[in-house]
Amino acid sequence: MKIVADVPSPLTALDRPNSYIGRAVPRPNLARLTQGRAQYVSDVVLPRMAHVAYLRSPYAHARITRIDKTAAEKGKGVIAVVTGAELSKVITPWVGVLSHLKGIKSAPQHAVAVDRACWQGEAVCAVVARTRAEAEDACELIGIDYEELTPVTDPETALDKATPVIHPELGDNLTFERTLDAGEVDKAFRESDAVVEATFVFGRHTGVCNEPRAIVADWNPGEQRLTVYHGTQAPHMMMNLFAKHLGLEEYQVRVLTKDVGGSFGIKVHTYADEMAVVALSKLLKRPVKFVADRIESFVTDIHARDHRVKGKIGVMQDGTITAFEIDDLTGIGPYSVYPRTSGIEANQVVNLTGGPYKCPNYRARARVVFQNKNVMCQYRAVGHPIATGVTEGLVDLAAAKIGMDPAELRRKNLYPDDGYPATGASGIKFEKLSHHASLDKILAMMDYKALRADQAAARKQGIHRGIGFASFIEVTNPSAAFYGVGGARISSQDGATVRLDATGAIFIHSGVTEQGQGAEAVLAQCVASSFGVPIDRVRVITGDTDNVPYGGGTWASRAAGIGGEAAWQAGKALRQNVLAAAASILQAQPEGLDIKDGIVVDKGTDRERITLDEVARICYFRPDTLPPGFQAELMATRHYVPRAWPFAFTNGVQASYLEVDTDTGFVKLLRHWCVEDCGTVINPQLVDEQIRGGIVQGLGGALFENCLYDERGQMLNGNMADYLVPMAMEMPDMEIGHVVTPTADSELGAKGAGEAGTAGAPAAVMNAINDALRPLGAISLTEMPFTPGRILKALGKV
Amino acid sequence: MKPAPFAYAKARSVEDAIALLAQHGEGAKLLAGGQSLIATLNMRLSAPRILIDLNGIAGLNSITLKGGEVEIGAMTRHAEIERSDVIRKHAPLIAMAMPHIAHPAIRNRGTIGGSIAFADPAAELPACLLALGGLVEIAGPKGKRTVKADDYFKGLYETAIGACDMLTGIRLPAAPAASRYGFAELSRRHGDYAVAGLAASATFASGKLTKVRLAFFGVDLTPVRAKAAEMALAGGDLDKAVAALASDLDPPDDIQENGAVKKHLAGVLLRRVVQQLTETRA
């Protein structure tokens, strides 16, 4: 632990009696949320507020030949009916590209489609009315004619000459391509004792948020200001984009983000129907509200995954992995999503495949193509489940091929724990990871030998159980290398402003946001600990671009590691300021004082000298009694951005134990384990629940979730009955363990933990299913989700 | 997801409901528990001009044992059936099916009449009605009539209930001593509609199954009897019964699984349900 106490002692600052670091402190917003007193955007009501509903294209690809608004404009309660062409005079279109993704291209996307709809569900006309119901009624009165165009739906043929080009001005349907060739791949495969190939398919899925996307925009012509109540993960980013496309200055826009009912990466993007809301408010000069309903959420919330990866691994008889090769293909909808682009997931697959293993020979190609389906972009654990699925699937196939225990083969190839810093074959840099310690720990937690014995005993009774592992790495605490260097105005740094109020309580204003994961608890813990007050004396303010330091928000597992460090440093800075004030009151030396549990004490003896509320009272109300020339500064701001490493990689390993009913093809998840290393664990309960929640979303991808489309580009299961989100009854017990390797890049040493669960769970389940079925001669299952039908087919039963 | 505008009328009696139906014709829909209807309204998949609310009609939520039959009023909630001793003792197949029906919140509102009238082909209760050879009580403009389960299901969401009719209750034969029941379904998540399911009744004596009724659900446009398999089982040949499903069933593909998988699963379900029908009772 790098944090040094003021008094040299065997204990660190984290062990101070009033330290909250490493404690399962309840989140400060818990009571409010559980009592139904949260402030969701869905609940916001403003005077003169109107509601918008969108007429959405029933076709995946169609020219709009006529829009007749006459009847709709006369509809009950209707305020305005606005077409894409009309709205384009208020808000400019955007193009989702980044300069560091070389060659990525996309077409201008409008807030409401102009002339042409490019996916089923794209908004083609907006109706603003007094109520949402009236707006929906009037949508049915819009006269609209379409000329259906041939949809491009299959990524495999998207680049064929015979396939229509969705955006002719781009020349082809290729959004982005990246290739990588490291080491001597061909030679390595030639010299391998065994080479295994497999094609992995990852279904298209989406993050189903408890609260759908929601936005209220309020253009005030008197102030020339736009206030946006927005369920977003990145308020400052959205402030910039609203301003840019409405032709405003950033200071004319305020984004307010209070409680958000889940996000999972869904709410960190620019949505056409949300951009339309801010434009409609500016056009109509009144507040306009939009809350996506479930049906439109399924066809407009970003989708993710949907990758087909051909993979190849070389291995020696002694278990040494010699080479990896992958060819990834993904279809991302008709537009690259703004501003983070839809090239990142494939880019991550290239970066991360083979990541846990010391193997210098790696070749990759990833192609991202346009198609007439809903847009795809970054969802929790971007690219990780795919890279981990391919890597770990190949590793298990290689282990089976040479007859080696899969845990043993991993142990043979994982980066050694004492071999850091290290650089992966794709160029990714590892500060310090703990693959072997993690593997040892998980094998002990699951009692691997006993589990294998249980598996063998069950097998004798015709019960087929399987054990599957997935070692993984996770990208967290991103620096500017993620988006900033590509030209996006997305902050990688974050700030915290900490203030002592007049009664001795602490306010912290932070640039990160809270969407249910507990970021506010972590901020409070950091400040309470570094400043030295009881945590119930800390009030956390987030989600207001007028009132918090400029920051990135909460995504890519950055809130604790980056926002937490800024809060920690701000707390320390304020402590120095307050000790200076106390010293001047007490006529003591600041170096001889400390703050513990909200009281200024003598350092070393902990003798009480003055309470914080007394310091505050004097500084705020009787500054005349302070020595001449002394000015108390009771507010301090600090910023933090990772500089030493582009990303703080974390690592871990998951294991799944499950049972396959070989008659029905149904899978029953029995147990699940995860050991991960996110460095300093600020709040063990929150970290464990992040891991569990992430695992559930990974299990969803492995067994349940899949956005099904027909060949005409129609989504077939866009509702909560047919799109199967994982539910409690099907979830196994999950045991979480930790290895702690703090990053030296920050004083706190915390790395991110939000996506580790999702990264590894699908691969662990895939490997466990194949472990269960391999002795039965089943074909290896590599296409997710693993439905009963696919399992029965692999068993040759249907 | 807001429904199109509709009018609302609260029926005071069965006769009142029938009169309102006669008055409004095709544009009217009866509202029972609303667990399917309200979702279709919100998704604008249906837009009735008027909803006739049956929730105020007294006397439609009773479960009684009368003359060797269990009578269940149309407005009886799933949750009431789930907790009923009469059902547990005299209609055990219904009791076996109950935990598979959706989730507690839905069972608190959903009614048996709504389920049988809606006749979702993948729902549990219509199949149970068919497996038990029950009767459906229907009231209409010309009075009351009773329809046998075998004659009740006509097509996808189509039943013997006419446009101006209302289902008022169902009658099930009370379980005789030698009767046996089996129920199994396969759904991707607990509480989902079945990928495939089977409700069965039979008499089991001297190691032999007789009076076998097999009602599969989730495999066709209505719940379906597997009559060739029933005959094979009565002949004591389980393998032949499973093979007979090839002619009894022709499941269409649906969003979860294709017909071939469903047909395979039907065979697995049959073996498991026959095990239930023939296992020694404690």
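The values are calculated or read from the model by the stated rules, or taken from the named source; none is laboratory data. Given the structure is predicted, the values throughout are model-derived calculations rather than measurements. Quick reminder, even Gly has a Cβ in these numbers, built from the backbone with ideal geometry, and neighbours come from all protein chains shown. Please note that ligands, DNA and RNA were not included when accessible areas were found on the heavy atoms of the full protein model with its side chains. Shrake-Rupley method; radii C 1.70, N 1.55, O 1.52, S 1.80 Å.
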Taking just the C-alpha trace of region B:63-173, give me its Rg and Dmax in Å.
-> 13.0, 38
Using the membrane-span-like helix rule (whole DSSP H runs, Cα extent along the own axis of at least 20 Å, mean Kyte-Doolittle hydropathy at least -1.0), which helices of chain B qualify?
-> B:259-278
For region A:574-633 and region A:456-512, compute the distance between their C-alpha centroids and round to whole Å.
-> 37 Å
Quick one: if you stick a label point 7 Å off each Cα along the C-beta vector at residue B:89 and residue B:243, how many nm between them?
-> 4.5 nm
Residue A:359: accessible area at probe 1.4 Å, nearest 10 Å²?
-> 10 Å²
Any residues in region B:1-18 that have 50 Å² or more less accessible area with all protein chains than in their chain alone, probe 1.4 Å, and which are they?
-> B:1, B:2
Considering amide H positions built from the backbone, and no H for Pro or chain starts, which residues 5 or more places from residue B:211, or on another chain, come under 5 Å of its amide H?
-> B:203
Size of the protein assembly as shown along its principal axes in angstrom, Cα-based, largest extent first?
-> 100, 75, 68
Decide, for region A:135-277, between rounded, prolate and oblate: order the square roots of the alpha carbon gyration tensor eigenvalues as a ≥ b ≥ c, take rounded if a/c falls under 1.5, and otherwise choose prolate if a/b is larger than b/c, else oblate.
-> prolate
Okay, which of region A:335-373 sit inside 14 Å, backbone N to the point 7 Å along the Cα-Cβ direction of residue A:150?
-> A:372
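Counting alpha carbon pairs within less than 8 Å and at least 6 residues apart, what relative contact order, in whole percent, applies to chain A?
It comes to 16 percent, rounded to a whole number.
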Region A:685-727: relative contact order as a whole-number percent, Cα under 8 Å and 6+ apart = 37 percent
So which residues of region A:723-752 lose at least 30 Å² of accessible area, probe 1.4 Å, when you go from the chain by itself to every protein chain present?
-> A:724, A:727, A:729, A:730
Can you list the residues, at least 5 places off or on another chain, whose amide H is less than 5 Å from the amide H of residue A:539, using H built in the peptide plane?
-> A:506, A:507, A:508
When the Kirkwood hydrodynamic radius is evaluated over all pairs of different C-alpha atoms of region B:7-53, what value in angstrom, to one decimal, is obtained?
-> 10.8 Å
Given the C-alpha centroids of region B:53-90 and region A:331-367, what is the distance between them in whole angstrom?
-> 59 Å
Along each principal axis, Cα extent of chain B, largest first, Å | 56, 43, 34
With all protein chains present, calculate the accessible area of residue B:209 using a 1.4 Å probe and round the result to the nearest 10 Å².
-> 10 Å²
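Tell me the carbon and sulfur percent of the accessible area for region B:179-278, rounded to whole percent, probe radius 1.4 Å. Intermediate values should be presented prior to the final figure.
Working: 1950 of 3810 Å².
Carbon-and-sulfur percentage of accessible area, whole number: 51.
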What accessible area per residue comes out for region B:7-53, rounded to a whole number of Å², with a 1.4 Å probe?
-> 50 Å²
Part-to-part distance (alpha-carbon centres) for region B:177-234 and region B:104-157, which is given in Å = 17 Å
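Provide the per residue accessible area, probe 1.4 Å, for region A:130-250, rounded to a whole number of square angstrom. Each step should come with its number before you reach the end.
Details: 5060 Å² over 121 residues.
Value returned for region A:130-250: 42 Å² of accessible area per residue.
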Obtain the nm distance between the two label points defined at residue A:685 and residue A:608 by a simple spin-label model: each point lies 7 Å from its Cα along the Cα-to-C-beta direction.
-> 2.8 nm
Quickly work out the residue B:38-to-residue A:596 label distance, labels modelled 7 Å from Cα along the C-beta direction, and quote it in nm with one decimal.
-> 5.8 nm
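Give me the Å³ per residue figure for the convex hull around the C-alpha atoms of region B:135-203. Show your work: numbers first, answer last.
On the way: hull volume 8.7 nm³, N = 69.
It is 126 Å³ per residue.
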More than 22 Å apart: what percent of Cα pairs in region B:179-278 qualify?
-> 22 percent
Give the carbon-plus-sulfur fraction of the accessible surface of chain A in %, rounded to a whole number; probe 1.4 Å, heavy atoms of protein chains only.
-> 51 percent
With solvent modelled as a 1.4 Å probe, how much accessible area in total do chains A and B shield from it at their shared surface, in Å² to the nearest 100?
-> 2300 Å²
Buried by partner chains in region B:246-267 (accessible area down by at least 40 Å² vs chain alone, 1.4 Å probe, heavy atoms, protein only) are B:255, B:256, B:257, B:261, B:264
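Give me the accessible area per residue for region B:179-278, probe 1.4 Å, as a whole number in Å².
On the way: 3810 Å² over 100 residues.
Roughly 38 Å² per residue, with all protein chains present.
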